[in-house]
Amino acid sequence: MNAINKPVNIVNVTYAQTKASVNTDALGMREMQQRVFEQREAQHLLVKAPPASGKSRALMFVALDKLYNQGRKKVIVAVPERSIGASFASTSLTKHGFWADWEIKHEHNLCDAGSSAGKVDAFIKFLEGPDAVLVCTHATLRFAFEKLAPGSFDGTVLAIDEFHHVSADTESSRLGALLRDVMNGSDVHIVAMTGSYFRGDSVPVLSPEDEAKFTPVTFNYYDQLNGYEHLRSLGIGHHFYQGRYTDAIDQVLDLGKKTIVHIPSVNSGESTKDKIEEVGRIIDAIGRVESTDPDTGIISVRREDNGEIVRVADLVDDTDQKKRGDTLHYLSHTASKERDAVDIIIALGMAKEGFDWPFAEHALTIGYRASLTEVIQIIGRVTRDSPGKSHAQFTNLIAEPDASQGEVKVSVNNMLKAITASLLMEQVLAPNFNFKTKKFDGDEPAKKGELKIKGFKEPSSDRVRQIVATDLNDLKATILQDDSFARAAAGSIDAETTNKVLIPKIIREKYPDLTEEQVEEVRQQVVVDSVIKNSEVRPVGDQRFIKMAEKFVNIDELNINLIDSVNPFQRAFEVLSKSVTPSVLRLIQDTITSTRIEFSEEEALALFPKIKTWKQVHGKSPDIRSEDPAEKRLAAALLFLQKLAARRKAVKAATETAELS
């Protein structure tokens with residue numbers, strides 16, 4: 001019954017277990033916290049680091065320095081949910097070598113139960129009083145700000161946890177508007193922290209002008225996971241099902257792993273619309289219910305295959321709030337410390353952001369998740385370092401498109417977007433290279449971690465260097481969330497159009513301050529970094545070969561033109577082709593091909609040389625009715641250019657006629 005079909009992993013990363021990210025220095029700081037503390041004098045700090053890297057303690061170190069050494073009077077920490085407030089509770093730092101402790105009075109922890117009005121009053125009273133530290137929710141900060149002027153934040157440090165909740169769209173994000181007003185109307189110092197600095201709705205977190213005011217500190221996922229003591233590998237994969245997911249879940253639910261199961265939203269196509277029944281079906285796939293603990297709500301289920309007891313926590317059933325509260329209390333106070341306290345957690349909207357269960361090994365998520373942030377937060381639940389955990393796994397159980405149903409196009413897009421999200425995670429989780437220009441064949445050899453490429457343009461300005469150093473993954477996320485990239489990832493848009501037209505167009509929109517030369521430098525970084533991280537490197541004797549577009553190329557002979565000929569995200573379609581039936585694959589191809597092809601003038605002109613080559617090779621123009629997606633796209637581009645030429649000819653003729661008359 002259990003784990004019949006092994007899910008197909010898109011990402012398999014093995015780490016070196018260097019312990020660098022978990023060891024501490026003489027001040028009690030981990031590697032990431034040291035990097036943040038080095039920038040402690042910056043007025044606005046932006047910390048991008050993965051879950052479990054120690055962001056909350058990094059904030060404590062910086063905030064205490066600002067209180068003791070930089071003349072700040074108060075620290076306000078804002079978190080998205082009450083439960084996350086516990087991360088900023090009073091902490092003894094001196095016993096680990098630091099020169100002060102993080103202390104917060106009970107009345108200034110506004111993440112406890114209580115009315116919002118009472119918390120707003122307590123917030124304002126804190127600003128007027130002598131005490132130094134307060135923790136509240138984002139909501140309390142917003143409500144309090146409605147009663148305060150921006151100048152009330154003079155002399156404060158404002159720390160915003162899970163910063164991706166902010167948005168540059170001030171119409172929809174009151175937190176974003178608050179941040180801008182406080183930055184412009186006070187001398188506030190800001191420490192912004194996030195493990196996933198991009199939003200699922202594609203809206204930027206900050207405007208380019210506001211982001212330029214921040215000093216970024218980036219500690220990437222590879223730095224974090226490579227420096228663990230216990231966790232050695234991570235897999236990210238997909239399993240496709242037909243019918244109802246409850247009939248397929250036993251194929252991917254590994255009962256030997258500590259697992260968080262996230263069932264789909266009741267508004268999604270994967271949901272049966274009865275979440276309680278879905279939990280019952282999942283429990284049936286495990287075995288037979290023996291008992292339910294009246295104090296904790298933990299359900300004991302006896303496995304049918306070997307008779308062992310599996311302890312299940314149900315966070316979906318919200319009909320009895322006290323019972324769910326008891327379960328949450330047990331998970332946060334007992335299960336987070338005792339490995340045998342629980343085996344499987346079933347959740348819907350919970351157990352994601354900030355949820356701490358270090359023993360979790362497998363995140364099984366049913367249904368497509370539109371938000372990259374949500375995917376990263378879920379993966380972050382299983383990537384914590386814990387004794388006895390050598391491998392972490394994220395599995396996305398996704399519905400296959402069914403030709404008999406009307407939502408085929410939506411289903412195909414969901415599949416492609418889920419896989420491209422995983423490809424983004426591969427980019428985030430893989431080791432980083434430093435790319436350099438290879439000037440001539442006798443050039444000095446590349447250093448460790450360097451890759452030399454002929455024709456490659458290195459960053460020529462501090463702005464480009466800053467984007468490359470801190471924003472590359474965020475830029476890739478923006479690219480992958482662009483609507484055209486579902487088709488590009490599936491290979492229906494040729495590599496050169498993807499790399500030389502679509503990607504620079506998105507870069508210009510995201511960074512309007514860049515010159516064309518700088519756009520090209522950033523573009524090359526994105527394409528080269530993406531292609532290299534998606535490629536396989538093999539040593540042969542004393543040489544290394546890299547596999548790109550089904551060819552092995554000597555790594556010493558890499559050039560930018562060769563790399564530009566590779567679609568950096570095409571492996572998404574390769575994964576699909578190996579993991580679905582031929583009939584489903586054909587349905588996916590037909591759906592992509594039938595999508596109305598739209599062009600910008602820039603895209604069509606970029607394809608014109610290919611159109612001319614096609615005519616020379618085949619002796620005819622490409623056919624719009626062709627079964628070949630590449631030929632069909634060239635034909636559509638030719639049609640677009642012919643219509644464009646006809647329109648321009650008509651406009652010119654009309655202008656000449658008007659002048660004559």
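The values are calculated or read from the model by the stated rules, or taken from the named source; none is laboratory data. This one's a predicted model, so the numbers in the text were calculated from it and none came from an experiment. Cβ coordinates were reconstructed from backbone atoms using ideal geometry, including for glycine residues, and neighbour counts include every protein chain displayed. In case anyone asks, the SASA skips ligands and DNA or RNA and just uses the protein heavy atoms, side chains included. Shrake-Rupley method; radii C 1.70, N 1.55, O 1.52, S 1.80 Å.
Please tell me if V47 is open to solvent by less than 10 Å² (accessible area, probe 1.4 Å), assigned to a helix (DSSP H, G or I) and within 24 Å of V188 (Cα to Cα).
On the way: open to solvent by less than 10 Å² (accessible area, probe 1.4 Å): yes; assigned to a helix (DSSP H, G or I): no; within 24 Å of V188 (Cα to Cα): yes.
Criteria not met by V47.
With closer than 23 Å to E162 by Cα and among the hydrophobic types (A, V, I, L, M, F, W, C) as the only criterion, which of I398, I378, I366, I419 stands out?
I378 is the lone residue from the list that is closer than 23 Å to E162 by Cα and among the hydrophobic types (A, V, I, L, M, F, W, C).
Any residue at all in the range 116-126 that is in a helix (DSSP H, G or I), within 21 Å of K66 (Cβ to Cβ) and modelled with pLDDT under 90?
The answer is no, given that none of the residues of the range 116-126 is in a helix (DSSP H, G or I), within 21 Å of K66 (Cβ to Cβ) and modelled with pLDDT under 90.
Looking at the range 252-266, can you tell me whether even one residue there is among the hydroxyl-bearing types (S, T, Y) and at pLDDT 90 or above?
Yes; the residues of the range 252-266 include at least one that is among the hydroxyl-bearing types (S, T, Y) and at pLDDT 90 or above.
Restricting attention to the range 127-146, and to residues there that are assigned to a helix (DSSP H, G or I) and of a type in the set (A, V, I, L, M), which single residue is nearest to E81 (Cα to Cα)?
A139
Out of (1) open to solvent by less than 40 Å² (accessible area, probe 1.4 Å); (2) closer than 30 Å to A418 by Cα; (3) charged (D, E, K, R); (4) modelled with pLDDT of 90 or more, what's the single condition that is false for R303?
Result: R303 passes all but (2).
Between E598, E550, which is exposed (fewer than 15 other Cβ atoms within 10 Å of the Cβ), on the phi > 0 side of the Ramachandran plot and at pLDDT below 75?
E550
Restricting attention to the range 50-68, does a residue exist that is in contact with a His (Cβ under 8 Å, 6 or more places away or on another chain) and at pLDDT 95 or above?
Restricting attention to the range 50-68, the residues satisfying the condition of being in contact with a His (Cβ under 8 Å, 6 or more places away or on another chain) are 66.
Of the ones still in play, those that are also at pLDDT 95 or above are 66.
Taking every residue of the range 50-68 in turn, at least one turns out to be in contact with a His (Cβ under 8 Å, 6 or more places away or on another chain) and at pLDDT 95 or above.
Please identify the pairs in which a residue from the range 141-166 that is buried (at least 22 other Cβ atoms within 10 Å of the Cβ) has its Cβ atom under 9 Å from the Cβ atom of a residue that is among the aromatic types (F, W, Y) and modelled with pLDDT of 90 or more, counting only partners at least 6 apart or on another chain.
As it stands, the answer is L141/F123; A144/F123; F153/F145; A159/F88; D161/F88, since those pairs meet every condition given.
Look through the range 73-99, keep the residues that are open to solvent by 30 Å² or more (accessible area, probe 1.4 Å), among the basic types (K, R) and touching a strand residue (DSSP E or B) at 6+ places or on another chain (Cβ under 8 Å), and return whichever of them is farthest from Q34 (Cα to Cα).
Here the residue is R82.
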